[in-house]
1. Given 0.36 nm per residue, what is the gain on full extension from residue 140 to residue 184 after removing their alpha carbon distance, in nm?
2. Name the most mobile residue of 126, 175, 55, meaning the one with the largest mean-square fluctuation, in a Gaussian network model of the chain with Cα contacts below 10 Å.
3. Sequence gap at least 6, Cα distance under 8 Å: using those rules, report the relative contact order of the range 2-210 to the nearest whole percent.
4. Can you give me the three principal axis dimensions of the range 1-48 from its C-alpha atoms, in Å, biggest first?
5. What FRET efficiency would be calculated for the residue pair residue 170, residue 76, taking the C-beta separation as r and a Förster radius of 35 Å, to the nearest 0.05?
6. For a protection proxy built on the mean count of beta-carbon atoms within 10 angstrom, sort 158-166, 38-46 highest first, please.
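What follows draws every value from the coordinates through simple rules; no lab data is involved. None of the values given here were measured: they were computed from a predicted structure. With ideal geometry, Cβ positions are generated from the backbone for all residues, glycine too; neighbour counts draw on all protein chains shown.
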């Protein structure tokens, strides 16, 4: 009976996390792009997976209730996220207009690990959807479990996140032959830029409505 409860909590956390994070978004797009560039991929994957694990844990132990009672904080977070995504989206669209500078292995200037992780932190921590998914939705579900089952739920959710980001970052290299052509990089940057701007507009709308 105990093993069945542990298995149920673990699998529930695994499946719920996968359903929420396997979607095209700012964070996933950034991990994919770094994987294609083969630039500090391990650091980015580790950071994103660790961040999800921390946020999920925080949600399960009670952070969800704390955030629900702070609408001003949610509004400010949405505004910051809109500015960050908007700026990055415009940069991506600008890159897509410069085919002469597009190279599959060295697309644009090479960034330091610190700069890459700073960008990853922005896509992770300034994205309200991350908090909605990991802290509120996953966290509130995991909080319903009692005792040590909470830990197994968190373990399943964290594993799903780690597996997804690893597949996204390290699996991107299989697409390298496609992105050996400058045109493919242009299309990717245009897609990423458009996605970022749409997300930025949605976040800006949320901030204005919440103000």
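1. Difference between extended and current length: 11.8 nm.
2. 175
3. 48
4. Computed over the Cα atoms, the extents are 48, 20, 13 Å.
5. Details: r = 35 Å, r/R0 = 1.00.
The computed FRET efficiency comes out at 0.50.
6. Numbers: 158-166: 20.7, 38-46: 18.6.
Final packing ranking: 158-166, 38-46.
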